[in-house]
Each structure stands twice: as C-alpha cells, then as structure tokens.
Amino acid sequence: MLLAIEVGNTNTSLGLYGAEGLIAHWRMATIHDKMSDEWAAALITLMGERGYKLGDVDAAICSSVVPPVTTAMRQMVEDHLHTRLMIVEPGMKTGVKVNVDNPREVGADRIVNTLAAHMR
C-alpha cells in the first residue's frame, strides 16, 4: 500500500492507497513541532481503527509546505515504515513544467494541485 501525505500550514491529510485506489483517509491539525514518533503514534491509531497496520505500507510520498514537518515525516517513514519517503519538490519528474524564474519558490502543494487538475 501507498501512504500519501499532504502537509499544509493548517491541516495535514493522509491517504492510504491500495490496488483499488483510496481505501482510507484522515485529516488532522498540522503541529509544526510534533516529533516523528508522535506522527507515528497518531498514524498507528488511525490505521488500526480501520484494520490496517504500519507493516501494510510499502511506499510513502509527501507534499509539504512546512519544512519542520517534512523532516519529522521523513524520519517517521524511515523509522516506522522502514522505507524512504518520496518528497514532492521542484525538480521531481511529475510532468508539471514549473515555468517561473525560481522553481524552488513554488510550493509542493501547487505542483500537486496542477498535476491533479491536469489528470482530471
């Protein structure tokens, strides 16, 4: 399964995808100083309520506009899911051409939203 994480300044959304598509999703407040183990504890609880466990996840991707949370998510995925977290950022091959003077200034949320709109 794939764990998709979207970290915004106010809310963090998590989605669990299986072969059939989105099978579970959650939204929680983005707490900028939450540690990786705290994110893991929340995820363990949420997944457990739906009958899933961390071991069911074999890949993870994150779109984030909050650098401290990105760091915590990366650590959480490495420590608890035992995989590498793919981070959406300028330079990642998404098919979205970031045609601005400084592509690093474009938030990951904008890239993902543009890709989603194009796919629809």
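Please label the shape of the stretch 5-75 as rounded, prolate or oblate, based on the square roots a ≥ b ≥ c of the eigenvalues of the alpha-carbon gyration tensor (a/c under 1.5 means rounded; beyond that, a/b larger than b/c means prolate, else oblate).
prolate
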Accessible area of the stretch 1-54 belonging to carbon and sulfur atoms, whole % at 1.4 Å probe: 55 percent
Estimated inter-spin distance, ARG27 and LEU2, nm [label 7 Å along Cα→Cβ]: 2.2 nm
Probe of 1.4 angstrom, ligands and nucleic acids ignored: what's the accessible area per residue over the stretch 34-78, in square angstrom? 49 Å²
Quick one: which of 34-41, 23-30 comes out on top by average Cβ neighbours within 10 Å, and what's the full order, highest first? 34-41, 23-30
Per residue of the stretch 7-18, in order, report the coupling 6.51 cos²θ - 1.76 cosθ + 1.60 (Karplus, θ = phi - 60°) as ³J(HN,Hα) in whole Hz, putting x for Gly and Pro. 9, x, 4, 9, 10, 10, 10, 10, x, 10, 10, x
Amide H contacts under 5 Å for VAL88, restricted to residues at least 5 apart in sequence or on another chain and with H modeled in the peptide plane, are CYS62, SER63, SER64
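The values are calculated or read from the model by the stated rules, or taken from the named source; none is laboratory data. Because the structure is predicted, anything quoted here is derived from the model rather than measured. Neighbour counts run over all protein chains shown; Cβ positions are idealised from the backbone, glycine included. For the accessible areas, the whole protein counts, side chains as well, though only heavy atoms, and no ligand, DNA or RNA atoms are used. Shrake-Rupley method; radii C 1.70, N 1.55, O 1.52, S 1.80 Å.
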